[in-house]
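Below you'll find the structure, written out as structure tokens, and then a few comments.
The values are calculated or read from the model by the stated rules, or taken from the named source; none is laboratory data. Note that the coordinates shown come from a computational prediction; the quantities given were computed from them, not determined experimentally. Note that each Cβ is placed from the backbone with ideal geometry, even for glycine, and that neighbours are counted across all protein chains shown.
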2 protein chains.
Amino acid sequence: MYNTGREAAVAALWSEPCLAAMVRRLHRVVVGRYDEALRRHGLTVAQLDLLMTLLTADRALRSVELAGALQMDRSTLSRNLARLRRRGLVTGGDRPGAAAAVTPAGRQMAEDAAEAWLRAQRATAEMLGADGVAALDLLARRVTTPDEEG
Amino acid sequence: MYNTGREAAVAALWSEPCLAAMVRRLHRVVVGRYDEALRRHGLTVAQLDLLMTLLTADRALRSVELAGALQMDRSTLSRNLARLRRRGLVTGGDRPGAAAAVTPAGRQMAEDAAEAWLRAQRATAEMLGADGVAALDLLARRVTTPDEEG
DNA sequence: CGACCTGTGTTGTACATACAACAATGCTAG
DNA sequence: CTAGCATTGTTGTATGTACAACACAGGTCG
């Protein structure tokens, strides 16, 4: 008999829940909550994440390092950074070798959004449950590439 | 002393890892893997998910039901569906009350992609580990709204 | 029968994301 | 000092996502 691979794969596709589908659903639900909470502060959770990554880094980061830290594509980071730059929330990072930095205005924006962020953080933790938060921690570690810097 | 809320929130923002940031990172890494595996078959994992949701549903679904099942916005589903419709992979779902259905071509596309999907599924399971997969299962359940149909 | 309302799908706009291709920078070798 | 070259940032294009606002049924009530 001629088969195997394909038919087994088709059977699995029909019967096994797709891990990516689970991740996408989780993403829509969780990110949606944060974005809703942050909306009136004029930030998305993606933008806040970028700002906080820069603010809490132990040194100034170039674009490529920031992209590596966040495990996102250079081009994605370039556009995210450009949006914040246009609004005066970050400077630099727009030339090879130039580090990016959060401006005082950017820091102010982040701090002004802290309360809304914390409400979303708490509400989400409650939705997920303590074991859910632990599960997410585990997954985040599993997908995080150890940064190779010294 | 005057404070509390705001300063505590700012302190938390600086010290607590953001759950949404973890979810976003997980999303980028996992979905990226599936999309890469599926690319040469002309499908994204989002599209495959949509097709399989329709194919495995126990009855024909209208757009609003499909959006509910996937917990995504009506407008998002409308565009995703429109892309597949333009390629002849689904029909219907374009008028209030009209159910959407996968065409034979759409089904063929999904089945042709099954092996690539399964490779990504297995590789991802290995990356996450058995406990990671269980963790993701738990999270998916926690964010899934029980559909209220009867 | 016709005028509303309600629910459903689409469209305008904006953001997040990635791949491919391009541009700009800086280093290195000659 | 200049010509390559590798690295890094941007841009073109496409998808996925959501909110607001609009368009389009279908049902109800007068």
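For residue A:52, state whether it is within 14 Å of another protein chain (Cβ to nearest Cβ), surrounded by 13 or more Cβ atoms within 10 Å (Cβ to Cβ) and not in a helix (DSSP H, G or I). Here the answer is no, as residue A:52 does not meet what is asked. Within segment B:67-113, if we keep just the residues that are touching a residue at least 12 places away in the same chain (Cβ under 8 Å) and of a type in the set (Asp, Glu), the residue that is nearest to residue A:32 (Cα to Cα) turns out to be B:94.
Scanning segment B:138-148 for residues that are of a type in the set (D, E, K, R) and within 7 Å of another protein chain (Cβ to nearest Cβ) turns up just one, B:142.
The condition of being surrounded by fewer than 18 Cβ atoms within 10 Å (Cβ to Cβ) and under 19 Å from residue B:25 (Cβ atoms) holds for only one of B:125, B:130, B:134, B:99, that being B:125. Taking the listed residues B:106, B:93, B:68, B:132, the one that is at pLDDT 95 or above and on the phi > 0 side of the Ramachandran plot is B:93, with no other qualifying.
If you go through segment A:65-99 and pick out every residue that is β-branched (Val, Ile, Thr), within 14 Å of chain B (Cβ to nearest Cβ) and more than 9 Å from DNA strand D (Cβ to nearest atom), you end up with 0. Residues in segment A:100-122 that are over 17 Å from residue A:58 (Cα atoms) and polar (S, T, N, Q) were compared, and the one that is farthest from DNA strand D (Cβ to nearest atom) is A:108. What are the residue pairs meeting all of these: first residue in segment A:11-34, first residue more than 7 Å from every other protein chain (Cβ to nearest Cβ), second residue among the hydroxyl-bearing types (Ser, Thr, Tyr), Cβ atoms under 8 Å, and 6 or more apart or on different chains? Listed by first residue and then by second, the contacts come to A:33/A:124.
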